[in-house]
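Trainee: Next up is a structure, given as C-alpha cells.
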Amino acid sequence: MRTAPYEGVVVTAPFTVPYVRFSPRPAQYWIGAALRGALAAAGLGPRDVDGLTVSSFTLFPDTAPGLTDHLGLTLNYLDTVTVGGACGAVALRRAARAVQAGEAEVVACTAGDANGIDSFRRLLQSFSRFAMDASYPYGAGGPNAVFALLTDHYMQKYGAAREDFGRIAVAQRDNARRNPQALMRGRLTLEDYLNARMISDPLGLFDCVMPCAGGEAFLVMTEDRARSLNLPFARILSAVERHNAFPEDSVQYRGGWAENAGRLWDGAGIGPGDVDLVQTYDDYPVICAMQVEDLGFCAKGEGARFMAARDMTVTGDFPHNTSGGQLSGGQAGAAGGFLGMTEAIRQVTNRAGPTQVPGARRALVSGFGMVNFDRGICTAAAVIEGVQA
Amino acid sequence: MSTLSDLAQALASGRVQVVDLTHTLSADFPVMVLPPEMGQCAPFRKVEVSAYDHRGPAWRWNEITMNEHTGTHFDAPSHWITGKDVPNGTVDSIPVSAFVGPVVVIDFSAEAAADEDALLGVEHIEAWEERHGPVPAGAWVFLRTDWSRRKGAAYLNLREDGAHSPGPSAEAMRYLVNVRGIRGFGTETIGTDAGQGGHLDPPYPAHAILHGAGRYGLQCMCNLDQLPPTGAIICAAPLKIENGSGSPLRVLALVERDRGRK
Amino acid sequence: MNRLPPKKNPLKRTQVPVSPPGMRSRAATAMTVAAAEGRFALQHCGECGAVQYPPRELCRGCLSDALEWRDTDPSGAVIAETTTRVTPDTYFRGLMPVRIATVLLDAGPSLIARLHGAVGRGDRVRVAARIDAAGQAILLALPEQEGTEVRDDPTVRELSTDPRLRRVLIVDGRAPEALALARGLLEAGAAHVFVGLSEIWKPFALRDQFVALGACSFVKLDVTDADSVQDLAAEIGGKVEILIDNARFTRPGGVLGRADTVFARQELENGVLGMIRLAQGFGRAMQARGQDGVNSAVAWVSILPIGALVPQMSHAMASASGAAVLALSHALRGEMRGSGVRVINIYAGPVDDEWHQELPQPKLAPKALAQAVVKALVEGREEATAGEVARDLYARWREDPALAIREALGGTTA
C-alpha cells in the first residue's frame, strides 16, 4: 500500500535549548523553553499554536494536557508521542497529517527531559514493565547492557569490528567540535575510542551516550502559512513508523526500517543515494549501522563497514549526525529523538551554521526508541527536502 | 522486755541471724521431670515488660511464669492425691501459723555422698534423736544432703532408669509423721522424695504420707549446712494462690548465733 | 576441610546491605513463586501453546488470557553475552563486573540471564530461577552438567543460600533430625555448626556423636527463655550465617483431647514465641551481615509441620503452631528483604519419632528431613517439602487449598 503524500505541509522553526549535564529544572521547563524558542524563530506567540505534540519521560506527574495548562495553550490537536528515540520522525508525520487534514493550523512538536542527580537511575528502574521484570534486575546496566548484548550478537553475526563502530563515534566527535552547543567537544581519536574503559563489553565509554537535560522543538504548518511568515522550511517527502517489528528475532539485529524502507523511498520518489546527509538515532553505533543498512544504503550486515569506509564528517562523502549526535552532544531523554530532526531541518534550510553541509537539500532522519525489554520497539524515518527561501 | 523486742534486739546485734534457704528463681533451675506424655512442671520464665525505655520510661518490671512447684517451693497437702480431701489442704487455706515454726536438721550428707540413692531410715532418725533428743512435735524436719551443691545434670542426676537422689524411706516418713507428729519435711533435692522414690511402697512415700496426714513439704532448698540440728526457726509462707497446691517461696531461717553449731 | 574465609579486618566497615532492584509486576511475582520452590516455570498459552517471556497478561501469539505457569525445559544456548561494568544501581555497583547473557531457550523464547563463570557465548546452558537478595526471581544460566564448581561460582553463591563456608546454628540439638542435620551441613561444607541445647541439666546421649563430627560445638539455648536467646545472640549473633529454627514441642491430639492448654501453650512457647525470640535475638545481626563477603549471613530456616498449610487432625495444635510460625516466617521474609537473608520454609511430613507413633507410614526419617534442609539451602529454595506426605499435601494445597484442607478432615475417598 502506498501512503498519501504530505502535500502542502512543511516543517520549520527548529529550536534546540542548549543541553546541560545536570540541571535542577524539570521537564516542564525544557519543553516550554523549546516551544518558546521555536515560536520566537517563527515570529509567533502561544495563541498562534493550535496543535501540540509532547515527547518526554520525566513529565510525571504531569501529562500533555497538564502541560497545556502549565504553558497556557489552547489546542485543537494534542498528541503524546511516547516513542522515545523515534519521536522526531513520528511527531513530524503525525503533526503533518493533522495539518494536512485541517485539524490544526500550527502544530508545535516538542520534546524535553530533565536530568537531575540520580534521576537517570530512577528512570531506568521503572522504565517499562518488562525492563522492571526482566532486564534491569540483571546487573542494572540499563540500556548499555541490553545494547551490549545485541552489539555482541551483531558483531558475531556480521563480523563487524569495534574499529568500525569507533569510526562512527570519532566522526561524530569531529562534527561536534564544530558545534558550540555539543557537550563533548574534546578531541577523540580511534585510539582513544579503542583504549577507553569498557562499560559493558563490547561497549566502551565512547559507545555510550551521556544523559543530560535539554529540549527541542519545531513547528509543522501549511506551506502557505510558512511562506506568509517568510520562513525557511522543508517539505516532507516521506515518513514511516513501525513498532515491534520482527518480534520473532531472538536478539535484535534489524529494525522496522527493514520492513518499510521500500515504502519510505517509494513515497519520497528518491533513493538512498539521493540524500545529502543522514541523521540516524545514535544511542549506540551499532544502531546507526542497522539504520543505514535496513534503510537500504548497503546490504544487510554491511552497515558498520559501509560507514567506516566513508567520511562521515560535515565535509565528507557521507555526512552523518552532523551536529555530533547524541554520542557527542549528550542524550537529553526524549529530546534525543528530536536532535537529528532539528539538525536536519537546519541543514536543508541552510541554517546549520558551523556544521552546515555545503549545499545540503535533502536529508534522511531516522529514529529508534523504547527499549521495552531486550530491544528497541519503535522505529521511524523521514525524508525531508529544504526549500530555499 | 517482750519476746519480740528481745528478738528484734537479737536480730539487730546479730545474735540471731537470718539464713536464706532459697535458690534464685532462674530459667536454668531444674524442674521435676516426668514421662513426656504427662503434664510437665513449667520452669521459671521471665519476660521483660519495660526497662526504663520506650515501653515504660521510668520503671522496670518483668512478667514471670512458672509452675506452683518450680524452684524452692512449698507443697500443700492437696498437691498429692492422698491429701486431696484434707481440710485446709491448699496454700490459701492453711492457717498462717503453720508457716512459722521450729526446724530440726538431720545431717544425711555423708550417706548421700556415699550413695546417690541413700534412703533415710528410722535407724538414722533414732541415731539423731540419741544425740539431740526426740524430734519435737510440730517441727519441720529438714534432710541435709548437701545436694544443693550439685549443678546442672548432676542435680537431677537423670539416667535411663530415672533420677537418682537421696530421700526418705516410707518407714522414716511414717515414723516422723505418725510417731513424732512433725509439721513438714524439707529437702535440698528436687522433691521431698528420693529420685527413685516411685519404686518404694507406697510410691513417693514422702508425698503420700506427709500430705495424706495434712503435713507440708519444702524442697529445692539450700544452705541447710548453716542450720543447727535443733533450735532454728523458719518462716516459709507460700503465695496465697486460690486453691493452690503449692508455691515457690522464700524460705528464711532464724538461727541463734551463740548456740551455733555444735 | 572447610576453611573459613580470612578473618575480617576490624578497621573496615562491614558492607551495608543494599537491596538489588526489587520491584516486579504481579505476573513476574508468579515466577518468583515458582523459583522459591526451585522450579523454572514460564507462562504457556492454554490456547495456542506459545511460551511467553517476560511474563504477560495476554498471549503474545493469540491474545488469549489463558496463560498458565508451567515447568519449562530450562535448556538453551547463550547467543549473546556482555560483562556489565558500570551501573547506577548501588547493589550491583558493589558486584561489578556482572556477566549477563541472552539465552535462547529450546522452548522458544529468549531471555536475559545472569551467567555462571564457566559458560559464555555459544555454550549450551540450563536456566535456573533463583531468589535474589530482594526476594525476587533471577534467571541464572548454569553449565548443563552439575558439579561442585557450580556451587563455588560467585554468582551462584550470590543467588543461593549455600551452607558451604558458613556457620550454622541448629536451634534444637535434641530434635530427632539434629545430628543428621549437623552431619549433612558439615558434609555440604559448613564451616561450623553451633548446636543449641536446652535444659542442660538433662542428659544428652548423642553428645559424643556430635563431637565426633568435628566442627561442631554446643551452645546453651532454650527458645522458651528470652534471656537464653539474648545471651546466646550476644555471644555468637555476629557469627551465625544460617539459623535453622527446628525448635518445636509436639503432642498428638485434636482440640478436644485434653482438658487444659498446658501442652498447647508449650507448643506456642517453643514454636511461635520461640521463633519471635530467636528473630529478636538474631534477626538484626543477620540482617546487618547479609552482604558481608562470601560468608555473609544468608538464611533463616523454619522447619514447619505440613499441617501449617493443611491442618492435621492427628496433631491439631502442632498444625496451629506451625501455621502461626508460617505467618511469622512470611512476615520475617518481608522484613529481611533487601538484606540478603532469605527465609526458608521447610514443610515436614510426620517425622518418624515418638510423637507420631500412631500414624501409618510413610513417615519422615530424621535423616531425610536433614537432607531436605541441606538441599534447600544449597539450591537457595525458599519453600521446600520433606517427605512423601508433605510433598503430597503440599501439591494438593498448591492445587486447591480449600479442597486440600477439607479432605484432610476425612470423609473423602482416596
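The values are calculated or read from the model by the stated rules, or taken from the named source; none is laboratory data. Model, not experiment: these values are computed from the prediction. Please note: Cβ atoms are built from the backbone with ideal geometry, for glycine as well, and neighbour counts cover all protein chains shown.
Trainee: Check region A:353-371 and report whether any residue there is part of a helix (DSSP H, G or I), under 14 Å from residue A:92 (Cα atoms) and either in contact with a helix residue (DSSP H, G or I) (Cβ under 9 Å, 6 or more places away or on another chain) or at pLDDT below 95 (or both).
Mentor: Checked region A:353-371: no residue is part of a helix (DSSP H, G or I), under 14 Å from residue A:92 (Cα atoms) and either in contact with a helix residue (DSSP H, G or I) (Cβ under 9 Å, 6 or more places away or on another chain) or at pLDDT below 95 (or both).
Trainee: Also: Spot the failing condition for residue C:115; the list is (1) away from chain A (no Cβ under 14 Å); (2) crowded, with 20+ Cβ neighbours inside 10 Å, and only one is missed.
Mentor: Of (1) away from chain A (no Cβ under 14 Å); (2) crowded, with 20+ Cβ neighbours inside 10 Å, only one is false for residue C:115: (1).
Trainee: Could you list, in sequence order, all residues of region A:262-310 that are closer than 26 Å to residue A:207 by Cα and small (Gly, Ala, Ser)?
Mentor: A:289, A:296, A:299, A:301, A:303, A:304, A:308, A:309
Trainee: Next question, about the same structure. Specify which of the listed residues (A:35, A:39, A:75) is assigned to a loop (DSSP other than H, G, I, E, B) and not assigned by TED's automatic domain parsing to the domain that holds residue A:343.
Mentor: A:75
Trainee: I'd like the full set of residues that are assigned to a loop (DSSP other than H, G, I, E, B) and in contact (Cβ under 8 Å) with a residue 40 or more places away in the chain, limited to region A:131-158.
Mentor: Scanning region A:131-158 gives A:135, A:141.
Trainee: Name every residue in region A:145-157 that is within 7 Å of another protein chain (Cβ to nearest Cβ) and either β-branched (Val, Ile, Thr) or under 14 Å from residue C:93 (Cβ atoms) (or both), in order of residue number.
Mentor: A:145
Trainee: Could you say whether any residue in region C:339-361 is under 21 Å from the mean Cα position of the chain (by Cα) and of a type in the set (S, T, N, Q)?
Mentor: Yes, that holds for at least one residue.
Trainee: On to the next question. Scan region C:290-305 and tell me whether some residue there is modelled with pLDDT of 95 or more, within 17 Å of the chain's Cα centre (by Cα) and more than 23 Å from residue C:35 (Cβ to Cβ).
Mentor: Among the residues of region C:290-305, at least one is modelled with pLDDT of 95 or more, within 17 Å of the chain's Cα centre (by Cα) and more than 23 Å from residue C:35 (Cβ to Cβ), which makes the answer yes.
Trainee: Quick one: which strands (runs of 3 or more DSSP E) sit completely within region A:197-248 and have at least 1 residues that are assigned by TED's automatic domain parsing to the domain that holds residue A:373, more than 18 Å from the chain's Cα centre (by Cα) and among the acidic types (Asp, Glu)?
Mentor: Fully inside region A:197-248 and qualifying: nothing.
Trainee: Which condition does residue B:153 not pass, out of (1) more than 24 Å from residue B:246 (Cα to Cα); (2) surrounded by 15 or more Cβ atoms within 10 Å (Cβ to Cβ); (3) away from every other protein chain (no Cβ under 14 Å), if it passes all the others?
Mentor: (3)
Trainee: Where residues in region A:343-356 are surrounded by 21 or more Cβ atoms within 10 Å (Cβ to Cβ) and not polar (S, T, N, Q), which of them is farthest from residue A:325 (Cα to Cα)?
Mentor: A:348
Trainee: Inspect all residues belonging to region C:4-19 and state whether any of them is of a type in the set (Lys, Arg), in contact with a strand residue (DSSP E or B) (Cβ under 6 Å, 6 or more places away or on another chain) and at negative phi.
Mentor: no
Let's see how each residue does on (1) within 14 Å of chain A (Cβ to nearest Cβ); (2) free of Cβ contacts under 8 Å to residues at least 24 places away in the same chain; (3) crowded, with 22+ Cβ neighbours inside 10 Å; (4) outside any strand (DSSP E or B):
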residue	(1), (2), (3), (4)
C:122	yes, no, no, yes
C:129	yes, no, yes, no
C:134	yes, no, no, yes
C:174	no, no, no, yes
C:180	no, no, no, yes
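Trainee: Does region A:116-135 hold any residues that are of a type in the set (S, T, N, Q) and more than 9 Å from chain C (Cβ to nearest Cβ), and which are they?
Mentor: Of everything in region A:116-135, those that are of a type in the set (S, T, N, Q) and more than 9 Å from chain C (Cβ to nearest Cβ) turn out to be A:119, A:128.
Trainee: For region C:253-356, give me every one of the helices (runs of 4 or more DSSP H) that falls completely inside it and has 2 or more residues that are closer than 23 Å to residue C:234 by Cβ.
Mentor: In region C:253-356, C:274-278, C:284-288, C:316-336 are the helices (runs of 4 or more DSSP H) which contain 2 or more residues that are closer than 23 Å to residue C:234 by Cβ.
Here is a yes/no grid of residues against (1) buried (at least 23 other Cβ atoms within 10 Å of the Cβ); (2) under 20 Å from the mean Cα position of the chain (by Cα); (3) of a type in the set (Asp, Glu); (4) farther than 18 Å from residue A:329 by Cβ:
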| residue | (1), (2), (3), (4) |
| --- | --- |
| A:118 | no, no, yes, yes |
| A:122 | no, no, no, yes |
| A:135 | yes, no, no, yes |
| A:163 | no, no, yes, yes |
| A:175 | yes, yes, no, no |
| A:183 | no, yes, no, no |
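Trainee: In addition: Test residue B:95 against the stated conditions and say whether it is out of contact with any strand residue (DSSP E or B) (no Cβ under 7 Å at 6 or more places or on another chain), away from chain C (no Cβ under 14 Å) and without any contact (Cβ under 8 Å) to a residue 12 or more places away in the chain.
Mentor: yes
Trainee: Scanning region B:210-262 for residues that are in a helix (DSSP H, G or I) and surrounded by fewer than 24 Cβ atoms within 10 Å (Cβ to Cβ), which turns out farthest from the chain's Cα centre (by Cα)?
Mentor: Restricting to residues being in a helix (DSSP H, G or I) and surrounded by fewer than 24 Cβ atoms within 10 Å (Cβ to Cβ), the top hit is B:212.
Trainee: Residues that are out of contact with any Cys (no Cβ under 7 Å at 6 or more places or on another chain) and at the interface with chain A (Cβ under 10 Å from one of its Cβ atoms): list the strands (runs of 3 or more DSSP E) wholly contained in region C:6-92 that include at least 1 such residues.
Mentor: C:75-84
Trainee: Additional query: Which of (1) without any contact (Cβ under 8 Å) to a residue 12 or more places away in the chain; (2) not assigned by TED's automatic domain parsing to the domain that holds residue A:36; (3) not in a helix (DSSP H, G or I) is the odd one out, the single condition residue A:102 does not satisfy?
Mentor: For residue A:102, the failing item is (2).
Trainee: For region C:186-235, enumerate the residues that are touching a Phe, Trp or Tyr at 6+ places or on another chain (Cβ under 8 Å) and of a type in the set (Lys, Arg).
Mentor: C:207
Each row is one residue, and each column tells you yes or no for (1) modelled with pLDDT of 95 or more; (2) of a type in the set (A, V, I, L, M).
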| site | (1), (2) |
| --- | --- |
| C:259 | no, yes |
| C:280 | yes, no |
| C:307 | yes, no |
| C:326 | yes, yes |
| C:330 | yes, no |
| C:335 | yes, no |
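Trainee: Hey, among the residues in region C:157-197 that are small (Gly, Ala, Ser) and touching a strand residue (DSSP E or B) at 6+ places or on another chain (Cβ under 6 Å), which one's nearest to residue C:116 (Cα to Cα)?
Mentor: C:190
Trainee: For region A:69-111, which positions are in contact with a strand residue (DSSP E or B) (Cβ under 7 Å, 6 or more places away or on another chain) and on the phi > 0 side of the Ramachandran plot?
Mentor: A:84
Trainee: Find the residue count for region C:280-300, including only residues that are small (Gly, Ala, Ser) and closer than 16 Å to residue C:162 by Cβ.
Mentor: 5
Trainee: Tell me yes or no: at least one residue of region A:89-99 is touching a Phe, Trp or Tyr at 6+ places or on another chain (Cβ under 7 Å), more than 14 Å from chain C (Cβ to nearest Cβ) and not in a loop (DSSP other than H, G, I, E, B).
Mentor: Looking for residues that are touching a Phe, Trp or Tyr at 6+ places or on another chain (Cβ under 7 Å), more than 14 Å from chain C (Cβ to nearest Cβ) and not in a loop (DSSP other than H, G, I, E, B), one finds at least one in region A:89-99, hence yes.
Trainee: In region A:185-208, how many residues are within 14 Å of chain C (Cβ to nearest Cβ) and of a type outside the set (Phe, Trp, Tyr)?
Mentor: The number of residues fulfilling the criteria is 12.
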